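Peer 1: I have a structure here, written as C-alpha cells, and I will follow up with some questions on it.
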Amino acid sequence: MGVSCARVVPADSATIDAELAALAAWRDKPAGTVRISTHNHAITTVLWPRLLPLLHAYPDIQVEFAVDYAMTDIVAEPFDAGVRSGNQLDKDMIAMRISPDLRMAVAASPAYLEGRQLPLSPADLTGHRCINLRLPTYGGLYAWEFEKGGRH
C-alpha cells in the first residue's frame, strides 16, 4: 500500500467555486453499482433490452445480475432490486410491473410426440414426460398455470 501526502494551500474564491461546480456536475451524473437478483429469462427478455440504452447513456453505472430462482430476501443480501415472473412476491415486498404479461407455451418436438397421444387439455399432460422447475424456496415443483378465455 502506498503512502501519499498533500500540502493544503489556501484557495481563492474562484478556485473554490470551480471545485464546487465540478462536484455539482457529479450530482447530475448517475454512477455506481446496481445489484439485481433475477432469473435468466427475465435478464434476456426484459432487463437487457431496457438496460442497454441506459448503460450507454450513463457509462458510470455498473449492473450486477445474480441469477437466482429462490425468493431471495433482497434487503438481507443486499440487492437493489429483485425481478421475478408472475405473482412470486414476499409478503412485505412492494411490486411494480416492468413488462407486459408474458405468454408461455407448452412445446414438444415431433420426435417426442411420435407414437404418443397428443395432449388436448392441461390434464392430458400428466401422461407425458414434462420438464419442470423446482424453485428452492417455493416448496416443491412449480405449478404450471393455464388460462383460456380468462378462465384458469
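The values are calculated or read from the model by the stated rules, or taken from the named source; none is laboratory data. Here the structure is a predicted model, which means the values were calculated and not measured. As a convention, Cβ positions derive from the backbone with ideal geometry for all residues, glycine included, and neighbour counts pool all protein chains shown. For accessibility, only protein heavy atoms count, side chains too; no ligands or nucleic acids. Shrake-Rupley method; radii C 1.70, N 1.55, O 1.52, S 1.80 Å.
Peer 1: Region 22-152: Rg/Rh from Cα coordinates, Kirkwood Rh?
Peer 2: Details: Rg = 19.8 Å, Rh = 18.2 Å.
When Rh is taken as the Kirkwood radius, the ratio is 1.09.
Peer 1: Now a separate question. With a cap of 15 neighbouring Cβ atoms within 10 Å, and only residues DSSP puts in a loop, list the GluC sites (Glu not before Pro) found in region 40-148. Provide the component values of the computation, followed by the final result.
Peer 2: Numbers: sites: Glu64, Glu114, Glu145, Glu147; in loops: Glu114, Glu145, Glu147.
Here the sparse-neighbourhood loop sites are Glu114, Glu145, Glu147.
Peer 1: Let me ask something else. Roughly how many debye, to the nearest 20, is the charge dipole of region 45-85 about its Cα centre, given +1 on each Lys and Arg Cβ, -1 on each Asp and Glu Cβ, and no other charges? Don't jump to the answer; show the numbers that get you there.
Peer 2: On the way: 2 positive and 6 negative charges, 51 e Å.
Computed about the Cα centre, the dipole is about 240 debye.
Peer 1: Probe of 1.4 angstrom, ligands and nucleic acids ignored: what's the accessible area per residue over region 96-152, in square angstrom?
Peer 2: Details: 5420 Å² over 57 residues.
For region 96-152, the per-residue accessible area is 95 Å².
Peer 1: Under the classification rounded if a/c is under 1.5, otherwise prolate if a/b is larger than b/c and oblate if not, where does region 34-106 fall, given a ≥ b ≥ c as square roots of the Cα gyration tensor eigenvalues?
Peer 2: Working: a/c = 1.90, a/b = 1.16, b/c = 1.64.
Oblate, since a/c reaches 1.5 and b/c is not below a/b.
Peer 1: Related question: Check each of the trypsin sites (Lys or Arg not before Pro) in region 105-151 and keep only those in coil by DSSP with at most 14 other C-beta atoms within 10 angstrom; list them in order.
Peer 2: Details: sites: Arg116, Arg129, Arg134, Lys148, Arg151; in loops: Arg116, Arg129.
Those that pass, being in a loop and sparsely packed, are Arg116, Arg129.
Peer 1: Still on this model: Do me a favour and compute the ellipsoid semi-axes for region 98-148 from its Cα gyration tensor, root of five times each eigenvalue, largest one first, whole Å. Intermediate results must be reported in sequence, preceding the final value.
Peer 2: Working: eigenvalues 109, 49, 24 Å².
Three semi-axes, in Å: 23, 16, 11.
Peer 1: List the residues, sorted by chain then number, that are 5 or more residues from Leu135 or on another chain and whose placed amide H is less than 5 Å from its amide H.
Peer 2: Gly140, Tyr142
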